[in-house]
Amino acid sequence: RSVYDDQPNAHQRFMEKLDACIRNHDREIEKMCNFHHQGFVDAITELLKVRADAEKLKVQVTDTNRRLQDAGKEVIAQTEEIIRCRVQQRNITTVVEKLQLCLPVLEMYSKLKEQMNVKRYYSALKTMEQLENLYLPRVSQYRFCQIMIENLPKLREEIKEISMSDLKDFLESIRKHSDRIGETAMKQAQQQKTFSTALQKQNNVNYGRNMHLVRSRILESKSEITLKRTFEEDDEHEEEVLTAQDLVDFSPVYRCLHIYSVLGDGEIFENYYRKQRRKQARLVLQPQSSMHETVEGYRRYFSQIVGFFVVEDHILHVTQGLVTRTYTDELWNMALSKIIAVLRTHSSYCSDPDLVLELKNLIVVFADTLQGYGFPVNRLFDLLFEIRDQYNETLLKKWSGLFRDIFEADNYSPIPVANEEEYKIVISKFPFQDPELDKQSFPKKLPMSQSVPQIYIQVKEFIYASLKFSESLHRSSTEIDDMLRKSTNLLLTRTLSSCLQNLIKKPHIGLTELVQIIINTTHLEQACKYLEDFISNITNISQVTVHTARLYGLSTFKDARHAAEGEIYTKLNQKIDEFIQIADYDWTMSESDGRASGYLMDLINFLRSTFQVFTHLPGKVAQTACMSACQHLSTSLMQMLLDSELKQISMGAIQQFNLDVIQCELFASSEPVPGFQGDTLQLAFIDLRQVRHYRIFPFRIMFLTCLCHLLYFFRMKDASKKNNIFAQFRKNDRDKQKLIETVVKQLRSLVNGMSQHT
């Protein structure tokens, strides 16, 4: 390194030393060559000696080499072939080793494709997971593996899209099949309930025979709408009961749930599923506008709701976390509020009691079905009590029409029975007992008309109809008994009472009909105790129970009788007025006819025939009617005599009027209605009798009064002539003068007539 140092003349000194060293080495080489020179010469000599042998050897070697080369060509070819085979073998071994690594990858990828083709997406995801974690890392250096790695995310997205599409199809499918699912579930619930009820009845040895007979009667009634028809299967020969799994393939939702769970998007899937199902719930809960018109509308509405919640219950139990009990309870509470609001609205439009009854049956089955799936349904049974009031209202309207038809068709005549068979037919329909009538021979007549047994039968039919609604409401026999009695009381006190009141007020109802109505209401009142026994037999509740309500039929029929009695009095008075109106007294007649007036005789004959019909009435009613008629006749005659428009009356007219009063007294004394004491009825004409006894005295007073008025007018006439000689020229005075002259003429004629008779 010092050569390249910056010391001055370093390079020159180095070159000098190098030359000196070279000269030393040259001297040493020269010495060594001189020392070995002789040996070199000897070696050259020996080499020259062996030169000839070397030439021979070379020829021999060349020949040998030639022969050896000729002989080794085949060996070389075979060796090269062996080498080539060895290379191929090594390559094959390498390929096999690599293929053994790649084949599982390819097999798994092929399996993945096959799973995708057969829509086994959850298995395909598992296969992808194995490919990524186990197989692909072993052969990641190959290009096809990179292609596979790039395709796997795309396949995952494709699986998500396909599974979501399948889920949407599933949601659409259950929306379409909800009504069928619900119908099947409701049918199963009804069958199970029927079986349980039958088993309970069979094991309950204390079950009342009366209840059994009534229930059988209800089932046999032609108006019974059974749920067998409501839930009738399309295939009548189908014996196997289908379930929700049989009607709907739930695999899409399972697959989608597993796929999203594997992909880490389980929460997204749950939120989407719940959101879509809430939308479907709102659609299911939306009723059709015409739902209230037919039972099929209600059936389809309930079936869809039941199907919806049956599916949700199934999803709740077969999946973990997709839906929870809290979610289903929240959804059910929302749905229940909507259902109750819908039923309140649409049931209010129902005017047919049969339709309301079918609605009640559907609600009961609907509630029992969902209660079997764990949903609370107490609010539905509370709603049934509201609908029950509406059902009673529709029944009352229907029975109001039935009662009106019965009253319209009645002939208001006693029921004739020609033989024992007809008599038994009547008493089988109505509880009639009369020992005196039983002693009479056939043919005979029952006191009530045909409407009485018909009304009684219809009241019992109403009780049957009311009982139909009270069944299956999970209420005790005491509560059912109370319901029946309250509804029956409404029928008697409101519907039947109103029909009777309207009937009594109708213009075409005459006295005969009113009498028969009073008789009919009396027998219906007596039959109320049998209706109470009938209800007790139905419900198995004794009438001696403290909380047992009573029927108000007594007050109903009493009020009707009082109204009929008042109408009898009114119509009698109206009839009397009609006869009075045709009375044509000639108050100026000179002599009487010598007999009572024709109108009065017709009136008395009418009263006699009418009071004969009253023989079936209670004595007090007939007596009151007779007294009222006589008093009204007396008052009418008195008003006729004292009419302010009656200006004059002759003695002949008084005598004729006296004959009429005598005829009225004779009628009163003939006791047209038995039961009056002494001259009680004749007292009705006492005022007319007094007018007859003192008929002369009033006419004398009237004669003197007329004379006084006549003198007064004469004086006025003379005074007017003296005071004003020009009065005849004024119009007012002329009119006054004419009036005075007219009055004077009338007074003179009146005085002349009175003078002749007096």
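Key figures for this structure:
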read-out: Computed FRET value (nearest 0.05) for I582 with S670, which takes r as the C-beta separation and R₀ as 22 Å; value: 0.40
read-out: Accessible-area composition of the stretch 431-565, carbon plus sulfur, in percent [1.4 Å probe]; value: 51
read-out: By accessible area with a 1.4 Å probe, ligands and nucleic acids excluded, highest first: order of F442, F366, F35; value: F35, F442, F366
read-out: Interchain or long-range residues, amide H under 5 Å from I415's placed H; value: L446, M448
read-out: Relative contact order [Cα under 8 Å, 6+ residues apart], the stretch 13-169, whole percent; value: 13
read-out: Cα coordinate range in the stretch 11-97, projected on the principal axes (Å, largest first); value: 72, 49, 15
read-out: Dipole magnitude of the stretch 11-97 about its Cα centre (Cβ charges: Lys, Arg +1; Asp, Glu -1), debye to nearest 20; value: 80
read-out: Selection from F432, L355, L383 lying farthest towards where the dipole of the stretch 347-434 points positive, charges on Cβ; value: L383
read-out: Probe 1.4 Å, protein heavy atoms only - accessible area per residue of the stretch 449-595 in square angstrom; value: 43
read-out: Rounded accessible area of H11 (nearest 10 Å², 1.4 Å probe); value: 110
read-out: Pairs from K397/K529; K98/K154; K445/K620; K444/K505; K176/K275; K154/K279 whose Cα-Cα separation, in the structure shown, is over 21 Å; value: K397/K529; K98/K154; K445/K620; K444/K505; K154/K279
read-out: In Hz, Karplus ³J(HN,Hα) per residue of the stretch 414-429 (6.51, -1.76, 1.60; θ = phi - 60°; x = Gly, Pro); value: x, 6, x, 10, 8, 8, 5, 5, 5, 5, 5, 4, 5, 6, 6, 8
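The values are calculated or read from the model by the stated rules, or taken from the named source; none is laboratory data. Predicted model, so just to flag it, every value in this text is computed and none were measured. Virtual Cβ from ideal backbone geometry, glycine too; neighbours counted across all protein chains shown. Only protein heavy atoms, including side chains, enter the accessible area calculation; ligands, DNA and RNA are left aside. Shrake-Rupley method; radii C 1.70, N 1.55, O 1.52, S 1.80 Å.
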